[in-house]
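The values are calculated or read from the model by the stated rules, or taken from the named source; none is laboratory data. All of these numbers come straight from a predicted model, not from anything done at the bench. Note that we place each Cβ from the backbone using ideal geometry, even for glycine, and neighbour counts take in every protein chain shown. Surface accessibility is based on the protein's heavy atoms, side chains included, excluding ligands, DNA and RNA. Shrake-Rupley method; radii C 1.70, N 1.55, O 1.52, S 1.80 Å.
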Amino acid sequence: QVQLVESGGGLVQPGGSLRLSCAASGFTFSRSDMSWYRQAPEKERELVATISADDRTDYAESVKGRFIISRDNARNTVHLEMYNLRPEDTAVYFCKARGRTQPWRTPRDYWGQGTMVTVSS
């Protein structure tokens with residue numbers, strides 16, 4: 001069974017930092033592209049950052065230079081380091097995998113339940 005479990009969210013003041021983690025299991029993590037999405041209250045879910053299986057990264061313009069996505073294939077974990085947080089970063093952050101449960105299957109998307117990040121003074 002595919003599982004994606006996010007952790008590390010919480011309340012932080014503007015300008016602060018947080019590190020989110022996503023523990024993955026049930027699919028071939030090392031060959032899967034991993035992403036972080038976020039959804040603010042009453043807004044659409046948006047892509048924040050992606051790290052591919054070959055370690056290429058992409059970031060939303062709004063977080064470029066402030067967030068860093070990384071992966072640890074030995075631990076099946078993806079991280080999102082967030083610096084200089086702003087109130088507009090407040091959202092539920094979701095981990096998403098595009099992976100395969102078996103090598104012969106086509107890839108599909110899997111989602112975690114999310115972790116809340118609140119940036120407020």
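Details
- For region 22-74: accessible area per residue (Å², 1.4 Å): 55 Å²
- Accessible surface of the chain, 1.4 Å probe, proportion on carbon and sulfur as whole %: 44 percent
- Gain on full stretching of the segment that runs from A40 to R56 - 0.36 nm per residue minus C-alpha separation: 3.2 nm
- Cα lying deepest toward the dipole's positive end in the chain, options Q13, T115, Y83, charges on Cβ: T115
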